[in-house]
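K.L.:
Structure below; questions to follow.
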Amino acid sequence: MPATPAWPPKSAPRLFVEDELGTGRTIAVEDNQANYLARVMRVTEGDAVILCDDLTGEWATRVTQVDKRRVELEVGQHLRPREPVPDFWLCPALLKKDRFDLVLEKATELGVARIAPVVTRRCVADKLNPERADTIVTEAAEQCARTALPEIAPVAKLDALLRDWPQDRHLFFADEEGGEPAADAFCYAEGPAALLVGPEGGFDDAERAAIRAHAASVAISLGPRILRGETAAIAGTAVWMAEAGDWLDEE
Ligand code: SAM
């Protein structure tokens, strides 16, 4: 007797929607999302689509109506609750657009809770397009099957970030001039954490001194080589996830 195929199939498209989901509700997606479902994924009535609302988690839905600019779906089974997210913030100095886009995408895949962009004296870029950042993060979350979206904080100047730093959170400072080996620093420090990474030109002396003087800061090394900002942000986040994040508790 052939096994009945799993439903929804693993290949079902995944989307985050604004509306809160619940069994029996009808959800309409429009514009880019409708275009993605109708033209790219070529869904037809009865097809499965997995929807997330970043609140209640992930739901199986069935397509009930398909149009180029609008697709309607009926919400069925609750598949997974919104996942617990490791309490880790990535605080990357702004980089050139395509490199910062990479940081947004990879930080999302790696499981960060919050991305807090920082402006420092040597930043080449000094602003971030929030809509574009939101799209990159949402698409990355859909691709890696997160049920929770990372928060993207407004861009902050370094001195404001240090001034307003929450007391209970470790501020790991990626310092190419030296610090504790990242893996050691991360695995021995319990509790909420963050990683601050500099821009293409690095931190200047005054910035480095201010960061090191901060009560919550711990300078960490990511090895003997000088990494690009995006490499340091991605690698440092990966080490934290492996040492203190949710890569440890495989079910
Ligand atoms: N001072 C660097 C240079 O001489 O080219 C410029 C900064 S580096 C391109 C960008 C940022 O990545 C640094 O500010 C630091 O936060 C981080 N970084 C790079 N290599 C690192 C390492 N080996 N250990 C810790 N952080 C590093």
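K.L.:
Quick one: what are the phi-derived ³J(HN,Hα) couplings along the range 217-230, Karplus 6.51/-1.76/1.60 with θ = phi - 60°, whole Hz, x for glycine and proline?
P.N.:
Listing the rounded values in order: 8, 10, 6, 10, 9, 10, x, x, 9, 8, 8, 5, x, 5 Hz.
K.L.:
Now, a different point. Can you give the calculated 222 nm mean residue ellipticity of the chain, where each DSSP H run of n ≥ 4 adds -39,500 (n - 2.57) and the sum is split over every residue, rounded to the nearest 500 deg cm²/dmol?
P.N.:
On the way: 7 runs with 71 residues, N = 251.
Taking each H run of at least 4 residues, the total per residue is -8500 deg cm²/dmol.
K.L.:
Using a probe of 1.4 angstrom, how much of the accessible area of the range 33-92 is carbon and sulfur, in percent?
P.N.:
47 percent
K.L.:
I'd like to check one number: the per residue accessible area of the chain, probe 1.4 Å, reported in Å² as a whole number.
P.N.:
On a per-residue basis, 53 Å².
K.L.:
Evaluate the distance, in nm, between pseudo-label points positioned 7 Å from the Cα of T135 and of D67 along their respective Cα→Cβ axes.
P.N.:
2.3 nm
K.L.:
Pairs of Cα atoms under 8 Å, at least six residues apart: use those to get the relative contact order of the chain, whole percent.
P.N.:
18 percent
K.L.:
Let me check against my output: what whole-number percent is the relative contact order of the range 16-122, with C-alpha pairs under 8 Å and at least 6 apart?
P.N.:
Computed value for the range 16-122: 24 percent relative contact order.
K.L.:
May I ask you to give the percent of accessible area on the range 113-251 that is carbon plus sulfur, with a probe radius of 1.4 Å?
P.N.:
51 percent
K.L.:
Might you work out the accessible area of V66 for me, using a 1.4 Å probe with all protein chains in place, and round it to the nearest 10 Å²?
P.N.:
We get 60 Å² for V66.
K.L.:
Let me ask another. Which of rounded, prolate, oblate describes the chain, given a ≥ b ≥ c as roots of the alpha-carbon gyration tensor eigenvalues and a/c under 1.5 marking rounded, otherwise prolate only if a/b is larger than b/c?
P.N.:
prolate
K.L.:
Based on the Kirkwood radius over alpha-carbon pairs, what is the Stokes-Einstein translational diffusion coefficient of the range 12-80 at 4 °C with 1.567 mPa s viscosity, in µm²/s?
P.N.:
113 µm²/s
K.L.:
While we're looking at this one, here's another question. Which angle from 0 to 90°, rounded to the nearest 10, does the C-alpha axis of helix 130-143 make with the longest principal axis of the chain?
P.N.:
Taking Cα atoms only, the helix is inclined about 60 degrees.
K.L.:
Work out the count of Lys pairs in the chain where the Cα-Cα distance is under 15 Å, with the pair 8 or more places apart or on different chains.
P.N.:
Value for the chain: 4.
K.L.:
Moving on to the next point. Provide the per-residue ³J(HN,Hα) series for the range 101-117, in order, calculated from phi with Karplus coefficients 6.51, -1.76, 1.60 and θ = phi - 60°, each as a whole number of Hz, with x at glycine and proline positions.
P.N.:
For the range 101-117, the Karplus-derived couplings read 4, 5, 4, 4, 5, 6, 4, 5, 4, 6, x, 5, 8, 8, 10, 10, x Hz, x marking Gly and Pro.
K.L.:
Using modelled backbone amide H atoms (1.01 Å from N, in-plane), which distant-in-sequence or interchain residues come within less than 5 Å of D47's amide H?
P.N.:
Counting only residues 5 or more places away or on other chains, the set is V63.
K.L.:
Considering Cα pairs under 8 angstrom that are at least six residues apart, work out the relative contact order of the range 157-251 and quote it in whole percent.
P.N.:
Averaging sequence separation for qualifying contacts and normalising by length gives 39 percent for the range 157-251.
The values are calculated or read from the model by the stated rules, or taken from the named source; none is laboratory data. What you are looking at is a predicted structure, and each value in this text was computed from that prediction instead of being measured. Virtual Cβ from ideal backbone geometry, glycine too; neighbours counted across all protein chains shown. Surface accessibility is based on the protein's heavy atoms, side chains included, excluding ligands, DNA and RNA. Shrake-Rupley method; radii C 1.70, N 1.55, O 1.52, S 1.80 Å.
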